[in-house]
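Some notes on the structure that comes next.
FYI, it's all coordinate maths here, none of it is from the lab. What you see is a predicted model, and the numbers here were worked out from it, not measured in a lab. As a convention, Cβ positions derive from the backbone with ideal geometry for all residues, glycine included, and neighbour counts pool all protein chains shown.
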Amino acid sequence: MSGQDWLEKDFYAMLGVPKDADDAAVKKAYRKLARTHHPDQNPGDAKAEARFKEIGEAYAVLSDPEQRKQYDGLRAMAGGGPRFTAGAGGAGGGASFEDLFGGVFGGGQGAPGGAPGGGRFGGAGAGSFEDILSGMFGGGAPGAGGPGGRRRAGFGGPEQGADLNATLTLPFRLAVEGGEMPVSVEGRSTTVRIPAGVRDGQKIRLRGKGRPGQHGGAPGDLMVAVTVSPHPVFSIDGANLALTVPVTFAEAALGATITVPTFDGGSVRVRVPEGSPSGKRLRVRGKGVRSSKGDGDLIVTIQVAVPERLSDAARAAVEAFAEATADADPRSGLAGSAAH
């Protein structure tokens, strides 16, 4: 970003904030606009991508106190930042940069020789536009005689590096217990720290692991979308683990104590209350995901198993049960509720 960019672009208007906006207001406006125009939210939208870059450019300047001070001073000197032509005598009679700053620093505004001792920028013995601005603010342009021969950040514009995206498929046990796993993006390998209990579809942000910044800007972040491989028995339910356990009709109807496996390879005994229907959830405290925030629970969902075939004795028993409970209608009131 050149000095001319600073004159031509109204960074306050880009972010939609007044010139006296404090740092918090600038940051809030930037975050709102960045979320709206982020390329991930607008895939294939060139206008949104350009707007996102423009927003980042404005924020990079206005969020830095030194650069903002330089920017405000430069635009105030230029009368608020009207568009100037790069050369003398632009279309419509607009003044050039040389004309503007020639007047400010005592040089002539006309052709060489138009005023005593007045030289145009770029003329013999005169510094470039960047040299003049660097001298004003204490920095040196590349190759110039300023201290260190370095361009001030205000004119290069520190740009934050782009965020990157990656996907990672985790073994179920690693998702439950947490750990580390490498991920490769753009030819670089990075280690991802997996928190215990990470969910399928969750995204993990790695700060500073995106693309490098430009002109001293901070690097972007790496967003890792997680896919958790399924387990034949367990599933993750927040901080809890869950499983479904089949029970017989007699166990559900009469109540029973059953043995349930736990994720650590052990087992625990669970009491099934009398008259438990399919889908009833039972909770075992402290047998879920273990993390620094505490241990989750094991959620046991019972499912009444119906035998595919019955022996003669079993059939007779079921028929006797059906006869004994003929007055009970489990669908009573269903039709009335459906009519509402």
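What the table below lists for this structure:
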read-out: Proximal charge balance of E251 [Cβ under 12 Å; K/R count +1, D/E count -1]; value: +1
read-out: Cα gyration tensor shape for the range 267-340, rounded if a/c is under 1.5, else prolate or oblate; value: oblate
read-out: Mean Cα-pair separation over length for the range 235-324, i.e. relative contact order, pairs under 8 Å, 6 or more apart, %; value: 32 percent
read-out: Protection proxy ranking of 216-227, 315-326 - average other beta-carbon atoms within 10 Å, highest first; value: 216-227, 315-326
read-out: Assigned charges on the beta-carbon of Lys, Arg, Asp, Glu; the range 240-327 dipole about Cα centre (debye); value: 660 debye
read-out: Cross-link table K69/K203; K27/K293; K27/K209; K32/K293; K28/K203; K27/K47, entries beyond 26 Å C-alpha to C-alpha; value: K69/K203; K27/K293; K32/K293
read-out: Theoretical FRET efficiency, 1/(1+(r/R0)^6), r = Cβ-Cβ of S229 and T257, R0 30 Å, to 0.05; value: 0.40
read-out: Additional length obtainable on full extension of the chain from T325 to A305, 0.36 nm per residue less Cα span; value: 5.2 nm
read-out: Charge dipole magnitude, Cβ of K and R +1, D and E -1 - the range 186-340, Cα centre, debye nearest 20; value: 1280 debye
read-out: Positive-end extreme of charge dipole, the range 164-228 - chosen from Q214, T227, T190 (charges on Cβ); value: Q214
